[in-house]
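Coordinate-derived values only; no laboratory data. As the structure is a prediction and not an experimental result, all values here were calculated from the model. Cβ sites come from the backbone with ideal geometry, for glycine too, and all protein chains shown count toward neighbours.
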């Protein structure tokens, strides 16, 4: 993209002595680029390529740091980093090491869960929080179904749950043996971080009111992973929350409707126009 430079490197952190892959991109000298408000992007379980449209769409006017979760980079996971809250500590350490004291954060699905964990830990660090199909919380009864099963179901059934149009699943066209192995590694890592309790942190709902920044929740109107009322309940726990639905999208609006998703982020999360 014109005016956008990209620097991908592994950064050594203090927490767990871990190394994390970060793609640091941004507009060089763009007149609309706020120099003091970078954007941190956390991908979901479909992998780092799934947020490429977000990074490219926002990189023309902002510095964007896209973090690759350990285990999604074809390397072993960090020993002892087993849950999204552990990843949250890692990434806060990364921001400290980069000298970023104030930023906007955007996360998708698993990445949105991590973003929420970060925002309840250090609310003052974040100017805005954008959550695309966020996992991580459970609001219905203990014995009631939370999230749909996306582990042991068939590939076709999982695709039906996650996508409004299964043909938009980027993994449909990735049929080379190495790509199949990569996909299996992603699935295994996703379950490592989110398996027990299944796709949520029981404590997180009680902590969500700590998030003080304007918070935009974006959900596809054909998302079949979450139970009815889930996104409304999550948005209602955040003091300055706003829910926007994207027509014709399932659980990953950034994949199925990238242009609409970027426009929503620009309009509500990056302009200072809070919820009214």
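Is the C-alpha gyration tensor of the chain telling us rounded, prolate or oblate? Criteria: a/c under 1.5 is rounded; beyond that, a/b larger than b/c is prolate, otherwise oblate.
In terms of gyration-tensor shape, rounded.
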GNM flexibility winner over the chain from 238, 22, 152 (Cα, springs under 10 Å): 152
Fluctuation leader among 181, 81, 246 - the chain, Gaussian network, Cα springs under 10 angstrom: 181
For the chain, calculated [θ]222 nm from helices alone, where every DSSP H run of n ≥ 4 adds -39500 (n - 2.57): -8500 deg cm²/dmol
Relative contact order of segment 4-269, pairs being alpha-carbon contacts under 8 Å that are 6 or more residues apart, as %: 19 percent
Residues residue 74 and residue 154, FRET efficiency given R0 of 22 Å [Cβ-Cβ distance, rounded to 0.05]: 0.30
For the chain, built as a Gaussian network whose Cα springs stay under 10 Å, the top-fluctuating residue of 109, 173, 50: 173
Relative contact order (%) - segment 110-259, alpha-carbon pairs under 8 angstrom, separation at least six: 34 percent
Relative contact order computed over segment 150-228 (Cα-Cα under 8 Å; 6+ residues apart), in percent: 44 percent
Antiparallel bridges, percent of DSSP beta bridges restricted to the chain (to nearest 5): 35 percent
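Can you tell me the length gained on complete extension of the stretch residue 144 to residue 203, counting 0.36 nm per residue apart and subtracting the Cα distance?
Length gained between residue 144 and residue 203: 19.5 nm.
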FRET E, pair residue 232, residue 192, Förster distance 35 Å, beta-carbon r, rounded to 0.05: 0.75
Burial ordering of 154, 25, fewest other beta-carbon atoms within 10 Å first: 154, 25
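Tell me, in nm to one decimal, what length is gained between residue 14 and residue 97 on full extension, where the rule is 0.36 nm per residue of separation less the Cα-Cα distance?
Result: 29.0 nm gained on full extension.
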